[in-house]
Amino acid sequence: QILMCPEHEMERVNMYCEICRRPVCHLCKLGGCHANHRVTTMSTAYKTLKEKLSKDIEYLISKESQVKAHITQLNLLLKETECNSERAKEAASQSFEKLFHVLEEKKSAALRTIEASKNLRMEKLQSQAEEYQGLLENNGLVGYAQEVLKETDPSCFVQTAKQLHVRIQKATESLKSFRPAAETSFGDFVVNIAKQEEILSDLSFHSNGVEIPEINEEQSRMYNKALISWECPGKRDSADIYILEYHKLNREEENVTWQEIEVCSKSKVIPDLDDDSTYAFRVRAYKGSTCSPWSREVILRTPPAPVFSFLFDDKCGYNSEHLLLNPRRTSVESRAGFPLLLASDRMQVGCYTTLDYIIGDTGIAKGKHFWAFHVEAYSYLVKVGVVSINKIQKLFHNTHDVAGPRYEQDSGHDSGSEDAFFDSSQPLTLVTLGMKKFFMPSTPAAPKDPASRILPLPSCMGICLDCDKGKVGFYDAGRMKCLYECEVDCSGIMYPAFALMGGAAVHLEEAVTGKYGEYHDDI
């Protein structure tokens with residue numbers, strides 16, 4: 001049969017396209033889709049392909065014994081797989097039979113205990129019912145007493161009535177303070193299987209070769225999103241994938257529903273978590289069809305409000321002689337510099353230093369917002385809080401240089417007089433940090449002992465501003481725990497505010513992004 005070109009039906013194929021590996025006609029080569037392709041004559045293609053096919057067939061024929069050996073090996077593997085699967089089924093069945101046996105024994109023991117308790121209670125209640133039945137007229141004790149009353153012989157009556165009167169008194173007291181002899185409720189016999197259900201839900205084929213991952217709490221954090229990082233104790237990545245699960249802790253929910261995420265790396269960013277909520281996280285490793293047990297659960301809490309993003313403002317009131325910003329404006333450091341040294345000849349008495357203020361470059365008009373930052377451990381004095389736009393000008397006008405007397409009354413050492421002055425005169429709401437301490441402001445409700453108002457400085461601080469309620473809270477951002485809260489006037493646009501004195505540095509917390517880990521600290 002003559003082979004015709006499928007694109008040009010009237011033309012015979014007489015060439016072979018080496019690019020597409022198919023027969024073509026001369027029209028395909030001249031102006032068709034094979035115009036720029038390398039072609040050869042049909043006879044050359046015939047000879048070349050025939051030689052290749054012959055060699056391949058000869059090779060397979062020469063390896064016939066090897067092919068047969070492979071077939072024999074595969075047949076053995078099929079039988080071995082069948083036998084091993086049956087053994088695995090039998091072992092799994094025996095394991096479950098053991099569990100069934102344990103459960104049956106526990107079930108029988110629980111039912112026997114309930115039955116014994118029921119019989120004892122029934123016996124007590126039945127005895128009590130019979131006792132009260134005797135108090136009815138013409139029955140039991142009352143009937144016997146009625147017969148005794150008919151006795152006319154005084155000696156006989158006295159002898160009988162003495163003991164009878166004691167019994168009548170006991171019956172009367174029992175009637176006045178009636179109480180069932182046994183409880184009808186079996187609430188103490190409810191079997192709590194919540195823990196066992198959780199353990200059984202994790203029942204799977206565990207392999208000794210798959211290590212249990214551990215969530216690294218130092219590298220994991222909650223901010224605008226959750227960043228969960230984990231590692232293997234053996235420091236070797238023996239898993240193909242990881243399954244990360246999390247759920248919101250809610251006391252009202254009885255059945256916990258875990259959200260599941262498949263992860264190929266050792267960290268995961270989880271967005272869209274509820275504010276002011278607590279979540280549990282756990283992870284397990286998979287290698288092939290086997291998996292590790294679940295890691296220990298780690299509990300993390302989200303910020304009390306949506307995260308507010310801003311940078312340090314390098315224009316409004318920024319003192320470049322005393323403060324040093326990094327290029328990204330996420331860190332600020334105070335430095336004394338030459339002005340302090342040049343003015344040192346005028347420092348004879350008192351203190352002539354001052355706080356240097358810096359604010360955020362973005363304001364807040366309404367709503368509830370949260371931001372976090374780190375204060376370096378060597379910092380001597382740092383104040384943090386919020387300032388209204390109406391008071392920013394007054395704030396920077398109140399700042400004095402090193403040549404004049406000190407305007408700031410707060411030395412960083414807590415005292416009642418200083419706090420009183422601060423609360424009545426300062427144009428912003430701040431708390432004092434420094435020397436690895438958090439100084440809780442003095443209020444009527446605060447402890448009068450200054451030592452009880454000094455807390456260890458958290459590794460990460462947070463501020464929550466609620467413009468709608470007119471409140472600002474200062475948080476341990478690592479645990480999302482409020483350390484101090486006070487009222488604040490939010491009539492104008494509010495800005496994050498910071499003040500530094502002496503050697504000190506503040507670093508804004510970086511937002512968690514999908515590409516977290518690409519950023520490096522440039523301080």
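The values are calculated or read from the model by the stated rules, or taken from the named source; none is laboratory data. All figures in this text were calculated on a predicted structure; none of them were measured in a lab. FYI the Cβ positions are ideal-geometry reconstructions off the backbone, even for glycines, and counts take in every protein chain you see. Protein only, heavy atoms only, side chains kept; ligands, DNA and RNA dropped before computing areas. Shrake-Rupley method; radii C 1.70, N 1.55, O 1.52, S 1.80 Å.
Of the candidates Lys235, Lys268, the single residue that is at pLDDT 90 or above, open to solvent by 40 Å² or more (accessible area, probe 1.4 Å) and basic (Lys, Arg) is Lys268. Of the numbered criteria (1) more than 22 Å from Gly473 (Cβ to Cβ); (2) of a type outside the set (Ser, Thr, Tyr); (3) open to solvent by 40 Å² or more (accessible area, probe 1.4 Å); (4) in contact (Cβ under 8 Å) with a residue 60 or more places away in the chain, the one Arg301 fails is (1). Looking across Ser265, Ser277, one residue alone is free of Cβ contacts under 8 Å to residues at least 60 places away in the same chain and under 13 Å from the mean Cα position of the chain (by Cα). It is Ser277. Does Ser155 satisfy the criteria of being open to solvent by less than 90 Å² (accessible area, probe 1.4 Å) and modelled with pLDDT under 75? For Ser155, the condition - open to solvent by less than 90 Å² (accessible area, probe 1.4 Å) and modelled with pLDDT under 75 - is not met. Of the residues making up segment 42-62, those that are open to solvent by less than 70 Å² (accessible area, probe 1.4 Å) and not hydrophobic (A, V, I, L, M, F, W, C) are Thr44, Thr48, Ser54. Flag not set for Lys106, criterion: farther than 30 Å from Asn192 by Cβ and out of contact with any Asp or Glu (no Cβ under 8 Å at 6 or more places or on another chain). Just one of the listed residues (Ala181, Ala161, Ala145, Ala171) is among the small types (Gly, Ala, Ser), in a loop (DSSP other than H, G, I, E, B) and at pLDDT below 85, namely Ala181. Annotation: Phe308 fulfils all but one of (1) surrounded by fewer than 17 Cβ atoms within 10 Å (Cβ to Cβ); (2) farther than 23 Å from Ala377 by Cβ; the unmet one is (1). Working carefully through the options Arg282, Arg296, find the one that is outside any strand (DSSP E or B), assigned by the TED database to the domain that holds Leu227 and charged (D, E, K, R). When all the criteria are applied, what remains is Arg296.
So which residues in segment 63-89 are under 30 Å from Ile193 (Cβ atoms) and open to solvent by 100 Å² or more (accessible area, probe 1.4 Å)? The one that is under 30 Å from Ile193 (Cβ atoms) and open to solvent by 100 Å² or more (accessible area, probe 1.4 Å): Lys89.
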